[in-house]
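Student: Once you've had a glance at the structure underneath, I'll fire off some questions.
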Amino acid sequence: MNWRRGLYSLLWWAATPLIRRYLKKRARKAPAYLQHWDERFGAARTPRATGAIWIHAVSVGETRAALPLIQALRQQWPDAPLLLTQMTPTGRDTARQLYPDAEVRYLPYDYPGAVRDFLACWQPRFGVLMETEIWPNLLHAAQRQGVPLFLANARLSEKSLRGYQRIQGLIVPALRSLTAIAAQSPQDAERLQQLGAVDPQVCGNTKYDFTPPAAMAELAAQFRQRIGQRPVFICASTRDGEETLILQAWQQANVSNTLLLLVPRHPERFAAVAMQAESMGFAVQRRSDNASIAADTSVWLGDSMGELFAYYGCAEVAFVGGSLLPLGGQNLIEPASLGLPVLFGPSMFNFAEASKLALEAGAALQVADAGQLVAQALGLLQDGVRRQQMSMAAQAFTAAHRGASQRILALLQRHLQPS
């Protein structure tokens, strides 16, 4: 073990008490963080079968983005078992919903022995790490055990590049141990190359390939029945602090008929958001009450997981959260694929390429603050012609960028021995 990776491993061991404390803290609001600790810290479980296709996707967004790629991989290797790993309880739950026949586990933290034992236990045929998952000990162990590892849907912002460059001596060997890298955009490929990656290939973003399950369209129709004829403005994947800004702007606009649908990104915040809206004088209902929306209800809280596409399907205009505050934004491709005009705030560095393309296509609008957000949303709801133009542009924008999953599959096939 070289000294850099040795020091890195030592830091993992030193941080173990802090990691445990962090998990317990998260568990105060999300008890699922206390479950399956054995997996997080390296205890291997006996698999039903070895030789699986292994996909690692950190949380909900990456897990959904992996679906079209997994479908393509399973067509190519129909008899191979499927192993899915995540790092968050919501990602794990999403994996169980989308892939009921798969083995679903947490990926161990990057302790040398833990990741070595994980690979030895599962003996995957090959692995695909979604987006930017660079774990030096995991990549080293995979190389030593002869497990081909691919980085797919890879993205790297300027900010992340600067951070990784501070530990380039540790990261470069990890990147170069990968079998191949499929980058989302030419800019991502260039930044990965600056960091030390060898020949990253531009394959696009699998998020464009995702097709919502048919059940989501059926559920959206049920939601629409509960709502009635009222227009709906959805604010989805909102983060802590954003709901306050949105509710204040909504209140100042004195909106009467339009229903504000709030869907916080993290389930542990559902109750707090509902209480906040009620304390501001809004009449609030929750999706979980399974009731029709009353005429005087002004805020509907989407307090469920795995139903985001159904929420989008019952709305006319969408705002994508994580963008009013400097958090980098969330997935704007999902609402655009359903033909919704998309609004987002000034911070979209996690979706820089997609947001740029959406703006150029006329599928989206970028706003400076919550006041401008509400004004633009209400303007679109009142202007049916403009809304329809943006809807058509959104569908064309997403359709034009599909195909990443097949391009990634072709890249994998070039590097894997026929079996």
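Student: Please label the shape of the stretch 279-419 as rounded, prolate or oblate, based on the square roots a ≥ b ≥ c of the eigenvalues of the alpha-carbon gyration tensor (a/c under 1.5 means rounded; beyond that, a/b larger than b/c means prolate, else oblate). Write down the numbers at each step before the final one.
Tutor: Working: a/c = 2.05, a/b = 1.61, b/c = 1.27.
In terms of gyration-tensor shape, prolate.
Student: To continue, here is another question. Report the calculated FRET efficiency for LEU23 and LEU416 (r = Cβ-Cβ distance, R0 = 35 Å), to the nearest 0.05. Mind dumping the intermediate values first?
Tutor: On the way: r = 36 Å, r/R0 = 1.02.
Approximately 0.45, to the nearest 0.05.
Student: For the chain, what does -39500 (n - 2.57) per DSSP helix run (n ≥ 4), summed and divided by total residues, give at 222 nm, in deg cm²/dmol to the nearest 500?
Tutor: Details: 18 runs with 205 residues, N = 419.
Dividing the helical sum by the residues of the chain leaves -15000 deg cm²/dmol.
Student: Ordering GLU334, GLU353 by how much accessible area each has at a 1.4 Å probe, largest first, what is the list?
Tutor: Numbers: GLU334 15, GLU353 60 Å².
Ranked from most to least accessible, the order is GLU353, GLU334.
Student: For a test of the definition: using alpha carbon positions, the gyration tensor, and the 1.5 limit on a/c, classify the stretch 71-115 as rounded, prolate or oblate.
Tutor: On the way: a/c = 3.03, a/b = 1.47, b/c = 2.06.
Oblate, since a/c reaches 1.5 and b/c is not below a/b.
Student: Oh, and also: Roughly what would the spin-label model give for ALA15 and LEU170, points 7 Å off Cα along C-beta, in nm?
Tutor: 0.7
Student: Next question. Nearest 5 percent is fine: what portion of the DSSP beta bridges confined to the chain is antiparallel?
Tutor: Roughly 0 percent of the DSSP beta bridges within the chain come out antiparallel.
Student: Right, another one. Give me the percent relative contact order of the chain, please, defined on Cα pairs under 8 angstrom at least 6 residues apart.
Tutor: Working: 779 pairs, mean separation 55.3, N = 419.
It comes to 13 percent, rounded to a whole number.
Student: Run the numbers for THR50 and GLU278: contour at 0.36 nm per residue of separation, minus the present Cα-Cα distance, in nm. Don't jump to the answer; show the numbers that get you there.
Tutor: Working: separation 228, 0.36 × 228 = 82.08 nm, distance 5.17 nm.
Computed gain between THR50 and GLU278 is 76.9 nm.
Student: For MET1, MET392, MET305, MET130, write out the residues from largest to smallest accessible area, computed with a 1.4 angstrom probe and no ligands counted.
Tutor: My answer, sorted largest first, is MET1, MET392, MET305, MET130.
Student: Around ALA72, what is the net charge, scoring Lys/Arg as +1 and Asp/Glu as -1 over all other residues with Cβ under 14 Å from its Cβ?
Tutor: Numbers: positive: ARG74, ARG402, ARG407; negative: ASP209.
Residues near ALA72 contribute +2 overall.
Student: Give me the lysines in straight-line cross-link reach of LYS356: C-alpha distance below 29 Å, same-chain residues under 8 apart excluded.
Tutor: Candidates past the 8-residue exclusion: LYS159, LYS207.
Student: Here's a follow-up. Just subtract the alpha-carbon distance of ARG230 and SER347 from 0.36 nm times their residue separation and send over the number in nm, one decimal. Let's see the in-between values first.
Tutor: Details: separation 117, 0.36 × 117 = 42.12 nm, distance 3.01 nm.
So the chain would gain 39.1 nm between ARG230 and SER347.
Student: Modelled label-to-label distance, ALA32 and GLU190, 7 Å Cα→beta-carbon offset: nm?
Tutor: Output for this residue pair reads 3.9 nm.
Student: Taking the chain as the reference, fit the longest principal axis to its C-alpha atoms, fit the long axis of helix 242-253 to the helix C-alpha atoms, and give the angle between the two in degrees, 0 to 90, nearest 10.
Tutor: The answer is roughly 20 degrees.
Student: What shape does the stretch 161-218 have by the C-alpha gyration tensor, where a ≥ b ≥ c are the square roots of the eigenvalues, rounded means a/c under 1.5, and otherwise prolate means a/b greater than b/c and oblate the rest?
Tutor: Working: a/c = 2.89, a/b = 2.61, b/c = 1.11.
Prolate, since a/c reaches 1.5 and a/b exceeds b/c.
Student: Leaving out ligands and nucleic acids, note down the accessible area per residue over the chain with a 1.4 angstrom probe, in whole Å². If you can, show how the numbers build up before the last one.
Tutor: Numbers: 17890 Å² over 419 residues.
Here the residues of the chain average 43 Å² of exposed surface.
Student: Using a 1.4 Å probe on the protein heavy atoms only, what accessible surface does ASP188 show? Give it in Å² to the nearest 10.
Tutor: Per-residue accessible area (ASP188): approximately 10 Å².
Student: While we're on this one: Relative contact order, percent, of the stretch 183-279 when contacts are C-alpha pairs under 8 Å separated by at least 6 residues? The partial results should precede the final answer.
Tutor: Details: 66 pairs, mean separation 22.7, N = 97.
It comes to 23 percent, rounded to a whole number.
Student: Taking 0.36 nm per intervening residue step and subtracting the Cα-Cα distance, what contour gain separates GLN248 from ALA368 on full extension? Display every interim value, and only then the final one.
Tutor: On the way: separation 120, 0.36 × 120 = 43.20 nm, distance 1.53 nm.
So the chain would gain 41.7 nm between GLN248 and ALA368.
The values are calculated or read from the model by the stated rules, or taken from the named source; none is laboratory data. These numbers come from a predicted model, not from an experiment. Every residue, glycine as well, gets a Cβ built from its backbone with ideal geometry; the counts of neighbours run over all protein chains shown. Just so you know, the surface numbers come from the protein's heavy atoms only, side chains and all, with ligands and any DNA or RNA stripped out. Shrake-Rupley method; radii C 1.70, N 1.55, O 1.52, S 1.80 Å.
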